[in-house]
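Here the structure comes first, spelled out in structure tokens, and everything after it is commentary.
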């Protein structure tokens, strides 16, 4: 899948979301060609597919990383990549909505992401050469 096709799918998936989720997302949703490896990774096996950022100066925006999608799913059919784009967009929009609502405590996506990282580290504890 090339970058333009990826970006078009992102736009199509965005059109399926209700208008209210875009409120205060003044930086919009961007597609970036970069491969984004997680800075806390143990090995080169943990890619960031999307980010949500909320900055007092730069505003609020979502970015989906084409390079990361291709590193993880480049061999997959378009339907599978589209499904992951949909899931990633909804994940990042949930961050946006929870941030707007002032939700940063137990039961939020921030906690779920933190727990996912704990599981990732636990999986790597038993892998030789990763400690």
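Here are the numbers:
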{"quantity": "Pair list, Cβ under 6 Å, 6 or more apart: segment 102-129 residue within 15 Å of residue 45 (Cα to Cα), other residue surrounded by 10 or more Cβ atoms within 10 Å (Cβ to Cβ) and modelled with pLDDT under 85", "calculated": "124/42; 124/130"}
{"quantity": "Residues being in contact (Cβ under 8 Å) with a residue 40 or more places away in the chain and in contact with a strand residue (DSSP E or B) (Cβ under 6 Å, 6 or more places away or on another chain) - total across segment 34-59", "calculated": "4"}
{"quantity": "Matching residues, segment 17-32, being out of contact with any strand residue (DSSP E or B) (no Cβ under 8 Å at 6 or more places or on another chain), without any contact (Cβ under 8 Å) to a residue 40 or more places away in the chain and part of a loop (DSSP other than H, G, I, E, B)", "calculated": "18"}
{"quantity": "Within segment 98-109, considering residues that are surrounded by 17 or more Cβ atoms within 10 Å (Cβ to Cβ) and touching a helix residue (DSSP H, G or I) at 6+ places or on another chain (Cβ under 7 Å), the one nearest to residue 60 (Cα to Cα)", "calculated": "98"}
{"quantity": "Subset of segment 52-75 that is more than 19 Å from residue 8 (Cβ to Cβ) and part of a loop (DSSP other than H, G, I, E, B) - its residue that is modelled with the highest pLDDT", "calculated": "75"}
{"quantity": "Filtered residues of segment 60-96 (kept if touching a residue at least 60 places away in the same chain (Cβ under 8 Å) and under 15 Å from residue 7 (Cα atoms))", "calculated": "66, 69, 70, 74, 78, 81, 82, 85, 86, 89"}
{"quantity": "Unique match (being buried (at least 17 other Cβ atoms within 10 Å of the Cβ) and in a helix (DSSP H, G or I)) among 92, 87", "calculated": "92"}
{"quantity": "Filtered residue count, segment 1-32, keeping only those that are within 15 Å of the chain's Cα centre (by Cα) and exposed (fewer than 12 other Cβ atoms within 10 Å of the Cβ)", "calculated": "0"}
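The values are calculated or read from the model by the stated rules, or taken from the named source; none is laboratory data. What you see is a predicted model, and the numbers here were worked out from it, not measured in a lab. Backbone-built Cβ (ideal geometry, glycine too); neighbour counts: all protein chains shown.
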